[in-house]
C-alpha cells in the first residue's frame with residue numbers, strides 16, 4: 001500500500017520523509033522521479049519540446065524555464081501533469097519492486113502537488129505536513145533567498161492549507177522542534193504499520 005506525503009512549500013515534508021526513512025520506511029520522492037524522467041526519457045522530451053520549444057535547449061529540457069512557464073499558466077501546468085504523472089507512477093512502481101523487502105507492506109510517496117494534481121495517484125491515504133506561515137517563510141527565505149512577496153505568490157499558487165487538511169488521514173505539525181516532529185512521525189508510523197497488519 002502506498003500513502004502520499006505532502007504539504008505546502010516550507011512545511012518541511014522532505015525533513016519528515018527522512019524521519020520516516022530513519023524508521024525503516026521506504027519513501028520515494030515523486031518530484032525527484034519527475035526530474036529523472038525529464039532528463040532521461042526521450043519520449044517525454046519530444047512531447048515537451050513540441051509543446052514548449054523554448055524550454056528545450058542543447059538537447060535537454062530547461063527545467064527552470066519550464067517551471068516558470070507552467071506555473072504562470074494553469075492550462076500548461078495541467079497538460080504537463082497529465083503527461084508526466086503516469087510516467088512517474090510507473091517509475092515509482094518499478095523502483096518499489098526492487099527497493100521493498102518481503103516484510104514491508106507499505107511505503108510513502110512524497111510529492112508537492114499530490115492533492116492539487118488532476119492526475120491522481122493510486123494512494124491508500126494522505127499524510128499531510130503542516131507549519132505556520134511565518135515559519136514556512138523563514139525556512140524558504142533561508143533556502144531560496146527570495147523576497148517575502150515572491151514566496152507568498154508561490155504559496156498562493158498552491159492549495160489552501162486549510163483545504164489540504166480536509167484531505168488528511170494523518171497530520172504532522174512540523175512547526176516546532178525536530179524532536180516534537182520526530183515523535184509525531186513515530187506515532188504515525190506505528191499507526192500505519194498496525195493498519196497494514198504489522199506490529200506497531
Selection within the range 136-153 - surrounded by fewer than 16 Cβ atoms within 10 Å (Cβ to Cβ) and not in a loop (DSSP other than H, G, I, E, B): 138, 141, 142, 143, 144, 148, 149, 150, 152, 153
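For residues in the range 160-176 being out of contact with any helix residue (DSSP H, G or I) (no Cβ under 6 Å at 6 or more places or on another chain) and surrounded by 15 or more Cβ atoms within 10 Å (Cβ to Cβ), which is farthest from residue 3 (Cα to Cα)?
First, the residues of the range 160-176 that are out of contact with any helix residue (DSSP H, G or I) (no Cβ under 6 Å at 6 or more places or on another chain): 160-169, 171, 173, 176.
Okay, now just the ones that are also surrounded by 15 or more Cβ atoms within 10 Å (Cβ to Cβ), so 161, 164, 168-169, 171.
On the way: 161: 19, 164: 15, 168: 11, 169: 10, 171: 13 Å.
Filtering first and then ranking leaves 161.
Can you go through 6, 2 and tell me which one is in the same structural domain as residue 154 (by TED's automatic domain parsing), touching a residue at least 24 places away in the same chain (Cβ under 8 Å) and over 24 Å from residue 133 (Cα atoms)? Walk me through how you get there before you give the answer.
Values: 6 fails: over 24 Å from residue 133 (Cα atoms).
Answer to the check: 2.
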So residue 92, is it in contact with a helix residue (DSSP H, G or I) (Cβ under 7 Å, 6 or more places away or on another chain), assigned by TED's automatic domain parsing to the domain that holds residue 8 and not in a strand (DSSP E or B): no
Residue within the range 37-52 that is closer than 27 Å to residue 3 by Cα, loosely packed, with under 14 Cβ neighbours inside 10 Å, in contact with a helix residue (DSSP H, G or I) (Cβ under 9 Å, 6 or more places away or on another chain) and not assigned by TED's automatic domain parsing to the domain that holds residue 14 present: yes
Of all residues in the range 55-81 being modelled with pLDDT of 90 or more and within 16 Å of residue 114 (Cα to Cα), the one that is nearest to the chain's Cα centre (by Cα): 80
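How many residues, within the range 156-171, are in contact with a strand residue (DSSP E or B) (Cβ under 8 Å, 6 or more places away or on another chain) and not in a loop (DSSP other than H, G, I, E, B)?
Step one: of the range 156-171, the residues in contact with a strand residue (DSSP E or B) (Cβ under 8 Å, 6 or more places away or on another chain) are 161, 164-165, 167-171.
Restricting the remaining residues to those that are not in a loop (DSSP other than H, G, I, E, B) gives 161, 164-165, 170-171.
Total meeting the criteria: 5.
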Near pairs, Cβ below 7 angstrom, 6+ apart or cross-chain, from the range 56-83 (closer than 20 Å to residue 155 by Cα) to any residue that is in a loop (DSSP other than H, G, I, E, B): 66/52; 69/52; 71/157; 78/118; 81/117; 81/118; 81/119
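Of the residues 123, 109, which is under 23 Å from residue 95 (Cβ atoms), out of contact with any helix residue (DSSP H, G or I) (no Cβ under 9 Å at 6 or more places or on another chain) and not in a helix (DSSP H, G or I)? If you could, list the steps in order and put the result at the bottom.
Values: 109 fails: out of contact with any helix residue (DSSP H, G or I) (no Cβ under 9 Å at 6 or more places or on another chain).
After ruling out the rest, the residue left standing is 123.
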In the range 177-200, residue modelled with the lowest pLDDT [restricted to those that are in a loop (DSSP other than H, G, I, E, B) and either surrounded by fewer than 13 Cβ atoms within 10 Å (Cβ to Cβ) or in contact with a helix residue (DSSP H, G or I) (Cβ under 8 Å, 6 or more places away or on another chain) (or both)]: 200
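The values are calculated or read from the model by the stated rules, or taken from the named source; none is laboratory data. Because the structure is predicted, anything quoted here is derived from the model rather than measured. Here the Cβ is made from the backbone with ideal geometry for all residues, glycine too, and neighbour counts use every protein chain on show.
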